[in-house]
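Working notes, structure below.
The values are calculated or read from the model by the stated rules, or taken from the named source; none is laboratory data. Please read all numbers here as calculations on a predicted model, not as lab measurements. Here the Cβ positions follow ideal geometry from the backbone for every residue, glycine too, while neighbour counts run over all protein chains shown. All accessible areas refer to the heavy atoms of the entire protein, side chains included, with ligands and DNA or RNA removed. Shrake-Rupley method; radii C 1.70, N 1.55, O 1.52, S 1.80 Å.
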Amino acid sequence: MKENDEEFMRMALEEAKEAAIRQEVPIGAILVHAESGVVIASAGNRTIELNDPTAHAEILAIRDGCTKAGAQRIPECDLYVTLEPCAMCAAAISFARIRRLVFAASDPKGGGILHGGKFFEQPTCHHRTAVVNGILAGESGEILRAFFRARR
């Protein structure tokens, strides 16, 4: 674990809380330039707002980061996400050549990193991003549980 992992994950948790206020599933992502520690992009889910099933926090942060970099690959960046990315997001992370993925809570039902298709372990995966998980997992899990509890 890097010394700033918790700080950046707290920022991602704030994005998740903002998503919940918008009635979106509360997942947040922060894209950070690994060497400088500068936040390049941040996002929360916007699938409902944008009527776009691909508007996951990870995808939005990667799109913004690539636009700012003027490149389709951003290997100098780390991505912090509050929930284990799905297979779609795992593929985008790989295609963008993200250096390191740090996520909070695991997602046995929909995750694509440690669960499901385990995208980075597939022979068709061209870039295997380094993965760190469990940073502030309890806080992330509680945000998600509270969101879904309120809808039942």
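Computed over the stretch 45-93, relative contact order equals 34 percent, with contacts defined as Cα pairs under 8 Å that lie 6+ residues apart. Surface listing: E15, E49, E35, E76 arranged by accessible area from highest to lowest gives E35, E49, E76, E15, probe 1.4 Å. Leaving out ligands, DNA and RNA, what percent of the accessible area of the stretch 48-152 is carbon and sulfur, probe 1.4 Å? Reported share for carbon and sulfur atoms: 56 percent. Computed from backbone phi, the HN-Hα couplings of the stretch 141-152 come to x, 5, 4, 5, 4, 5, 4, 6, 4, 5, 9, 8 Hz, rounded to whole numbers (Karplus: 6.51 cos²θ - 1.76 cosθ + 1.60, θ = phi - 60°; Gly and Pro given as x). Taking the Cα centre of the stretch 11-122 as reference, the dipole from Cβ charges on Lys and Arg (+1) and Asp and Glu (-1) amounts to some 220 debye. Look at where the Cα atoms of the stretch 84-152 and of the stretch 21-78 average out, and the two centres are 14 Å apart.
For the stretch 21-87, with only Lys/Arg (+1) and Asp/Glu (-1) charged at the beta-carbon, what is the dipole magnitude about the Cα centre, in debye rounded to 20?
160
Helix 5-21 and the long axis of the chain differ in direction by around 50°, with both axes built from C-alpha atoms. Subtracting the Cα-Cα distance of F148 and R10 from 0.36 nm times their residue separation leaves 47.6 nm of extension gain. Summed over the residues of the stretch 44-92 and divided among them, the accessible surface reaches 42 Å² per residue at a probe radius of 1.4 Å. With respect to the chain, whose longest principal axis is taken over its alpha-carbon atoms, helix 57-69 is tilted by about 40°.
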